[in-house]
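The values are calculated or read from the model by the stated rules, or taken from the named source; none is laboratory data. Computed from a prediction, not measured in an experiment: that's the story for all the values here. Every residue, glycine as well, gets a Cβ built from its backbone with ideal geometry; the counts of neighbours run over all protein chains shown.
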Amino acid sequence: MKNKILKILKEEDKYISGEDISKALNVSRTAVWKHINELRNDGYVIQSSSKKGYRFLKAPDILDKREINIPKGQFIGSNIRYFEEIDSTNSYAKKIANEGCAHGTVVISEVQTMGRGRVGRQWQSDTAEGIWFSIVVRPDLEPENIQVITLAASVAVVEAIKETCGIICGIKWPNDIILNGRKLGGILTELSAEPGHVNYVVVGIGLNANQDLEHFDYEIRQKAISLKMYAGKSISRANLLGSILTRFEKIYKSILLGENRDIIDKWTAYSVTIGKEVKVAYKDMEYFGKALSVASDGRLIVECKDGVTREISAGEIQVRGLLGYI
Ligand code: BT5
């Protein structure tokens, strides 16, 4: 009921009387008043006037599903699991994926106590100022072709940031979102597969939104950035998340249709890697060379100094001159 009242208030966008709400929902005016107070306790700002009724003013800065707008019929985000705190949205997403959760389920947490990066690295996400979430998909693809999903997610993120915040970011292969030469976000894609068959893919996305520099641990202060630090003002996390989910669904559908080239072209347009001198650390080897392009399966093609052109699908890549890596 509370959420139905919220929906009416938001749609009305001007004063609506308690009586009109009670008629529309077939409940007493006292019940309306009680639910409005509950919404206020949730952080919603709702004006009231004895003559005119109630008016919605402002939503709290939470990533609750009531605040995340996605088009009707969209499967990514149609099922949202929301937490105020969790160890890692990726770990939880894997657990519920193993238990058979719906394709397109999204796990969101305001805070993570054990956010993970790749290869056992930590992801700092101990404040509700960022956007930490994981998407479960069950693509009908060969396991070796899922790398393009990470590229697709980074394109969705960069385009959503452009749309909702007017800020242009870059992508460092394969999973870093870069702003002003610093790391704004990262993507951790985890896969459960058997030969020839993908059970599920969890795409975990972490984005620094409204943190100030002091929020970051000392060790990453030199290389991390948030959208607020760049823009000088807070951004709406819920708007940005809604836009990412909406864009990701579109791009994901095009992957299933085999339209990888389009995604790779978009990815290349945002890339800070292509054309740069790179250092590729792979297993115990290090190669220096120039990043030429990305193949349609998402592998990075590097022309190495030893004259061999290699396709890189795993490992660590460092871009010369960026983030003080070299
Ligand atoms: C990543 O790993 O960039 C992937 C991060 C994915 C995080 C999301 S949040 C939701 C979901 N649930 C999870 O548990 N994880 C995913 P990697 O490329 O390995 O980068 C990790 C490195 O980035 C660390 O070693 C730090 O140097 C740096 N780092 C850690 N936290 C950061 C932050 N908040 N902002 C910028 N850099 C950070």
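I62 satisfies every condition listed in (1) part of a strand (DSSP E or B); (2) away from the ligand (no atom under 16 Å from the Cβ); (3) not charged (D, E, K, R) except (1). For the stretch 110-125, check the following and say yes or no: at least one residue is of a type in the set (V, I, T), buried (at least 21 other Cβ atoms within 10 Å of the Cβ) and at pLDDT below 95. No. Might you check whether a residue that is of a type in the set (G, A, S), farther than 22 Å from A97 by Cβ and within 16 Å of the ligand (Cβ to nearest atom) occurs anywhere in the stretch 126-145? Taking every residue of the stretch 126-145 in turn, at least one turns out to be of a type in the set (G, A, S), farther than 22 Å from A97 by Cβ and within 16 Å of the ligand (Cβ to nearest atom).
Restricting attention to the stretch 146-186 and to residues that are away from the ligand (no atom under 13 Å from the Cβ) and of a type in the set (G, A, S), the residue that is surrounded by the fewest Cβ atoms within 10 Å (Cβ to Cβ) turns out to be G166. Sub-9 Å Cβ pairs linking a first residue in the stretch 72-99 that is more than 17 Å from Y252 (Cβ to Cβ) to a second residue that is surrounded by fewer than 18 Cβ atoms within 10 Å (Cβ to Cβ) and polar (S, T, N, Q), at least 6 apart or interchain, are E85/T113; I86/T113; D87/T113; S88/T113; K94/S192; N98/S192; N98/N199, ordered by first then second residue. Do we have any residue at all in the stretch 148-168 that's among the charged types (D, E, K, R) and under 28 Å from Y218 (Cβ atoms)? For the stretch 148-168, residues among the charged types (D, E, K, R) and under 28 Å from Y218 (Cβ atoms): absent.
Results for (1) touching a Cys at 6+ places or on another chain (Cβ under 9 Å); (2) touching a residue at least 60 places away in the same chain (Cβ under 8 Å); (3) closer than 29 Å to V294 by Cα, shown as yes or no for each residue.
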| position | (1), (2), (3) |
| --- | --- |
| C101 | no, no, no |
| T113 | no, no, no |
| P139 | no, yes, yes |
| P143 | no, no, yes |
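For the stretch 32-59, the set of residues classified as in a loop (DSSP other than H, G, I, E, B), within 31 Å of the chain's Cα centre (by Cα) and loosely packed, with under 13 Cβ neighbours inside 10 Å consists of G43 only.
Taking the criterion of being outside any strand (DSSP E or B) and touching a strand residue (DSSP E or B) at 6+ places or on another chain (Cβ under 7 Å), the residues of the stretch 198-211 that qualify are N208, A209. Scanning the stretch 64-85 for residues that are crowded, with 23+ Cβ neighbours inside 10 Å and at negative phi returns I68, I76. For A209, the test of being under 24 Å from R118 (Cβ atoms) and either surrounded by 21 or more Cβ atoms within 10 Å (Cβ to Cβ) or out of contact with any helix residue (DSSP H, G or I) (no Cβ under 8 Å at 6 or more places or on another chain) (or both) is passed.
Of the strands (runs of 3 or more DSSP E) that lie entirely inside the stretch 71-138, those containing 1 or more residues that are in contact with a His (Cβ under 9 Å, 6 or more places away or on another chain) span 131-137.
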